[in-house]
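For reference, the structure is listed below as structure tokens.
The values are calculated or read from the model by the stated rules, or taken from the named source; none is laboratory data. All values reported here derive from a predicted model rather than from experimental measurement. Glycine gets a Cβ as well: all are built from the backbone with ideal geometry, and neighbour counts include every protein chain shown.
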Amino acid sequence: MPSYDYKCKNCGQKFCVIVSIEDREKVTCPECKSKNVTQIITGCSINTGSCGGSTPSKGGG
Ligand SMILES: [Zn+2]
């Protein structure tokens, strides 16, 4: 199963969990057991600046 990075909004704890797609909404913070967690989108380098997405077109259009 794939792993996902989460961050707890309650205590700010970052953790990685291995869950199925269906259980992603059941993830709780291992530190404070809070369900107030948000998934951290990883897989791209922030330093490079270019992180996929659409590039803004120049000259209108
Ligand atoms: Zn927490």
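Could you list, ordered by first residue, the pairs with Cβ atoms under 6 Å in which the first is in the range 4-23 and more than 14 Å from the ligand (Cβ to nearest atom) and among the aliphatic types (A, V, I, L, M) and the second is outside any strand (DSSP E or B) and modelled with pLDDT under 90, at least 6 apart or interchain?
I18/M1
Rundown of residues vs (1) of a type in the set (G, A, S); (2) out of contact with any helix residue (DSSP H, G or I) (no Cβ under 9 Å at 6 or more places or on another chain); (3) loosely packed, with under 13 Cβ neighbours inside 10 Å; (4) at pLDDT below 90, yes/no style:
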| residue | (1), (2), (3), (4) |
| --- | --- |
| K9 | no, yes, no, no |
| F15 | no, yes, no, no |
| V37 | no, yes, no, no |
| S45 | yes, yes, yes, yes |
| C51 | no, yes, yes, yes |
| T55 | no, yes, yes, yes |
| G59 | yes, yes, yes, yes |
